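Reviewing the structure listed below.
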Amino acid sequence: MLYRMFIYQIKSGLLLWEKSFDRDIDLKSELFSSFFSAIQSFLREMILQGTQDQDKKSLAGIDMGNFVVKIFKIKDVNAELVILADKADEKSLKKFGTKVLNILKHRKELFKDWDGDRSRFSVLDLEILQIMSNFKNLSGNKSIIDNKNEFLNEIMKNLPELKDDQKTQYNNELTFLDERLKQSTNIFKKLEIVNSMEVVLHKLKNKEKIKELQEKRRKLMAELKSTKEKMAYFLSKAKASLSKTVETGHGKSLFELNYQTAYTNLYSFSTKLKNIGNTKLYDYYRSIAKIFIDKPEEKKSEFPNIVREVLNLSDNIDDYLIRE
């Protein structure tokens, strides 16, 4: 099966385009992002290594145990097509790669004066998918994630040995990231930092520290899950309390009613928003909660709209998550 495709700029190692053929998984998930970052970082290292070593020909492929990375040079555009697939499909990959190269040969304008906007390469998606449809053996319902540990071990085997100054540089980067991790209170930011640290640790081939970091990520993911559950609870209680207060108002104006319970739960909900890094909504809903308890006179005419807004809040907690 073919899992992923990339196009890299040769001299800079910059990623121009990528396409995943994995089964439907959330590739942006904090659980997987470090793994895919490690893959991209490894491929970039290999591209740059092949470019810088003038005594070697350009890499044609990299043996990764049960997997293979095939590399095809795209003539005249200073770029290379990189394909990650099962080793068993290596023969088909050559034919598939040749057909893709033929498309890219007629798309040289995409590479000319590239300004860093990767979206311009999205026009390739449909044409490459059409080619893919003729190679049924390269399609499937698997994911490289299924063999994550095996693949990461192969990455470490294939990475070049670091020089002393490189080790020092990466260890300094780890120290910097670790300090940021200790200072952060944002769960998503913590996960982002942990993912960056794991990419560096793979370059250092430090399996023991990688295991420690993976345990730290597991705890952060559990904390995120717990936070989302608490958000759902507090939001549900706030809306239910608000609805009951309005329904049992006995003819009183909305401004006159007692919103103590709604205030407590909405305030708790806003606090959890801060924990996941959504400071904008945290400030906003905290201010709404305070209006319910303080009842400033200048907000009297706005009360019906404020009540309606809270009652109409989405119950889907993912709607409130941002990844800064």
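Summary of values
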{"item": "Folded to 0 to 90 degrees: helix 33-52 orientation relative to the chain principal axis, Cα", "result": "30"}
{"item": "Point-charge dipole on Cβ atoms (K/R +1, D/E -1) for the range 120-173, about Cα centre, debye to 20", "result": "200"}
{"item": "Above-threshold pairs, the threshold being 26 Å between Cα atoms, out of Lys209/Lys230; Lys190/Lys228; Lys182/Lys211", "result": "Lys209/Lys230"}
{"item": "Cβ-based charge dipole, the range 134-264, positive-most Cα from Gly140, Ile210, Ser236", "result": "Ser236"}
{"item": "J(HN,Hα) series, the range 248-260, from Karplus relation 6.51 cos²θ - 1.76 cosθ + 1.60, nearest Hz, glycine and proline x", "result": "9, x, 6, x, 6, 6, 4, 5, 7, 6, 9, 10, 4"}
{"item": "Cross-link partners of Lys295 among aspartates and glutamates (Cα-Cα below 15 Å; sequence separation of 8 or more within a chain)", "result": "Glu256"}
{"item": "Cβ crowding within 10 Å averaged over residues, with 13-22, 94-103 ranked highest first", "result": "13-22, 94-103"}
{"item": "Spin-label pair Arg107/Asp315, simplified geometry with 7 Å Cα→Cβ offset, distance in nm", "result": "4.3"}
{"item": "Square roots of 5 times each gyration tensor eigenvalue, C-alpha, the chain, largest first, Å", "result": "50, 24, 18"}
{"item": "Virtual spin-label span in nm between Ser253 and Lys148, 7 Å along Cα→Cβ", "result": "5.7"}
{"item": "Top positive-direction residue, dipole computed over the chain with Cβ charges, set Gly116, Val68, Gln40", "result": "Val68"}
{"item": "Under-5 Å amide H pairs with Met64, H placed in peptide plane, nonlocal only", "result": "Val69"}
{"item": "Peptides ranked, highest mean first, by Cβ atoms within 10 Å: ranges 67-73, 176-182", "result": "67-73, 176-182"}
{"item": "Protection proxy ranking, peptides 213-223, 185-195, average beta carbon neighbours within 10 Å, highest first", "result": "185-195, 213-223"}
{"item": "Listed pairs Lys19/Lys274; Lys239/Lys300; Lys274/Lys299; Lys108/Lys148; Lys70/Lys207; Lys105/Lys157 exceeding 30 Å between Cα atoms", "result": "Lys19/Lys274; Lys108/Lys148; Lys105/Lys157"}
{"item": "Inter-probe distance in nm under a simple model that places probes 7 Å from Cα toward Cβ, at Ile131 and Ser243", "result": "5.4"}
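Read the figures in this text as sums done on the coordinates, not as results from a lab. Bear in mind the structure is a predicted one, so any value in this text is a computation, not a measurement. Using ideal geometry, Cβ is built from the backbone for each residue, glycine included, and neighbour counts are taken over all protein chains shown.
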